[in-house]
Amino acid sequence: MSVIEEINNQIKLGRSSFRETLENFDDAKWDSSSSSEEWSPKQIAEHTVDAERSFAIRIANAMSGSGPEKVELSLANSQDALEAFNLAVEACDKVIRYVEERDLHKTVDVPESSPLKTIKDNMERIASHSEEHANQIADTVSNS
């Protein structure tokens with residue numbers, strides 16, 4: 001399996017985990033968190049959807065392509081979040097489907113402090129990011 005195929009498989013797994021978390025979510029806890037320092041599931045979902053588009057924009061710019069538009073989000077419930085996530089994934093996929101092995105080491109425009117310097121870094125982060133925040137939502141609910 002090529003590196004790009006492996007990364008794309010990881011992206012699918014991470015996204016699937018996030019979708020499953022939203023599909024099984026009890027909306028009674030949508031705006032709650034266990035402390036003022038933790039994000040609510042709503043905030044986590046809004047961040048995750050926004051990040052999906054941000055990764056796509058970075059990658060598109062590195063490949064001299066056009067990326068998705070940033071959108072303002074206020075997700076009322078997990079169903080809204082799932083729909084917004086699916087739209088963001090669709091927009092991101094329109095970018096990453098054109099990434100080939102030779103593109104993985106192209107640099108992206110990020111602050112110097114960011115560890116996500118290349119297209120490969122950003123694609124790997126897409127995969128881990130969705131999974132990470134699916135787990136964060138599950139943890140937030142179990143702790144509240």
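The values are calculated or read from the model by the stated rules, or taken from the named source; none is laboratory data. This structure is a prediction, so every number in the text was calculated from the model and none was measured. Neighbour counts are summed over all protein chains in view; Cβ atoms, including those assigned to glycine, are modelled from backbone coordinates with ideal geometry.
Figures for the structure shown
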| item | result |
| --- | --- |
| Candidates Ile4, Ile11, filtered to the one that is buried (at least 19 other Cβ atoms within 10 Å of the Cβ) and outside any loop (DSSP other than H, G, I, E, B) | Ile11 |
| Matching residues in segment 80-103 - criterion: being assigned to a loop (DSSP other than H, G, I, E, B) and under 18 Å from Asp121 (Cβ atoms) | Tyr98, Val99, Glu100 |
| Among the residues listed as Ser17, Ser40, Ser34, the single one being among the polar types (S, T, N, Q), touching a Ser or Thr at 6+ places or on another chain (Cβ under 8 Å) and under 13 Å from Ile126 (Cα atoms) | Ser17 |
| Hits in segment 104-121 (condition: assigned to a helix (DSSP H, G or I) and either in contact with a Leu (Cβ under 8 Å, 6 or more places away or on another chain) or over 19 Å from Gly14 (Cβ atoms) (or both)) | Ile119, Lys120 |
| Cβ pairs under 9 Å, 6+ apart, first in segment 121-144 and over 20 Å from Phe25 (Cα atoms), second among the aromatic types (Phe, Trp, Tyr) | Asn122/Phe55; Met123/Phe55; Arg125/Phe55; Ile126/Phe55 |
| Filter result for Ala60 (assigned to a helix (DSSP H, G or I) and within 14 Å of the chain's Cα centre (by Cα)) | no |
| Unmet requirement for Lys117, which otherwise passes all of (1) free of Cβ contacts under 8 Å to residues at least 12 places away in the same chain; (2) of a type in the set (D, E, K, R); (3) under 22 Å from Ser40 (Cα atoms) | (3) |
| Condition check for Ile57: over 19 Å from Gln10 (Cβ atoms) and in contact with a Gly (Cβ under 8 Å, 6 or more places away or on another chain) | yes |
| Pick from segment 82-123, criterion surrounded by fewer than 13 Cβ atoms within 10 Å (Cβ to Cβ) and either of a type in the set (Val, Ile, Thr) or in contact with a strand residue (DSSP E or B) (Cβ under 6 Å, 6 or more places away or on another chain) (or both), ranking: nearest to Val49 (Cα to Cα) | Thr107 |
| Residue within segment 21-28 that is of a type in the set (Asp, Glu) and assigned to a loop (DSSP other than H, G, I, E, B) present | yes |
| Candidates Ser33, Ser74, filtered to the one that is surrounded by 15 or more Cβ atoms within 10 Å (Cβ to Cβ) and not β-branched (Val, Ile, Thr) | Ser33 |
| Members of segment 63-90 that are at pLDDT 95 or above and farther than 20 Å from Trp39 by Cα | Glu83, Asn86, Leu87, Ala88, Val89, Glu90 |
